[in-house]
1. Put His8, His30 in order of accessible area, largest first, 1.4 Å probe: what do you get?
2. Taking the full set of protein chains and a 1.4 angstrom probe, give the accessible area of Val51 in square angstrom, rounded to the nearest 10.
3. Quick check: the angle from helix 29-57's long axis to the longest principal axis of the chain, C-alpha only, nearest 10 degrees?
4. Give the carbon-plus-sulfur fraction of the accessible surface of the chain in %, rounded to a whole number; probe 1.4 Å, heavy atoms of protein chains only.
5. What list of ³J(HN,Hα) couplings, whole Hz, do you get for the stretch 3-11 from phi and the Karplus terms 6.51, -1.76, 1.60, once you set θ to phi - 60° and write x for glycine and proline?
6. Please give the charge dipole size of the chain, origin at the Cα centre, charges +1 on K and R Cβ atoms and -1 on D and E Cβ atoms. Round to the nearest 20 debye.
7. If you take the charge dipole of the chain about its Cα centre, with +1 on Lys and Arg Cβ and -1 on Asp and Glu Cβ, which of Leu31, Phe55, Gly16 is farthest toward its positive end?
8. For the stretch 16-24, what does the Karplus curve 6.51 cos²θ - 1.76 cosθ + 1.60, with θ = phi - 60°, yield as ³J(HN,Hα) per residue in whole Hz, taken in order and with x for Gly and Pro?
Amino acid sequence: MGLGDKIHNAATKLTGKAKEATGKATGDKHLKNEGKGDQVKANLKQAGEKVKDAFRKH
């Protein structure tokens with residue numbers, strides 16, 4: 001996984017956490033769920049990159 005991908009995924013995850021926290025604080029269920037979705041998306045991308053890296057090593 002390239003450094004740029006790691007940074008992008010981490011930023012997406014942090015943005016998702018911020019959206020989720022803001023949604024909880026304001027009672028905005030849509031924003032809260034959007035934040036959770038961003039976090040899941042970032043985790044899936046990171047997992048996919050790890051799988052690609054594993055195949056490249058072999």
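The values are calculated or read from the model by the stated rules, or taken from the named source; none is laboratory data. Since we're looking at a predicted model, the values are computed, not measured. Every residue, glycine as well, gets a Cβ built from its backbone with ideal geometry; the counts of neighbours run over all protein chains shown. Heavy atoms of the whole protein, side chains included, go into the accessibility calculation; ligands, DNA and RNA do not. Shrake-Rupley method; radii C 1.70, N 1.55, O 1.52, S 1.80 Å.
1. Numbers: His8 105, His30 135 Å².
Accessible-area ranking of His8, His30, largest first: His30, His8.
2. Looks like 80 Å² after rounding.
3. Approximately 10 degrees, to the nearest 10.
4. Values: 2570 of 4300 Å².
Carbon and sulfur together cover 60 percent of it.
5. 4, x, 5, 4, 5, 4, 5, 5, 5
6. Details: 14 positive and 7 negative charges, 32 e Å.
I would put it at about 160 debye.
7. Going by the charge dipole, the pick is Phe55.
8. x, 5, 5, 4, 4, 5, 5, x, 5
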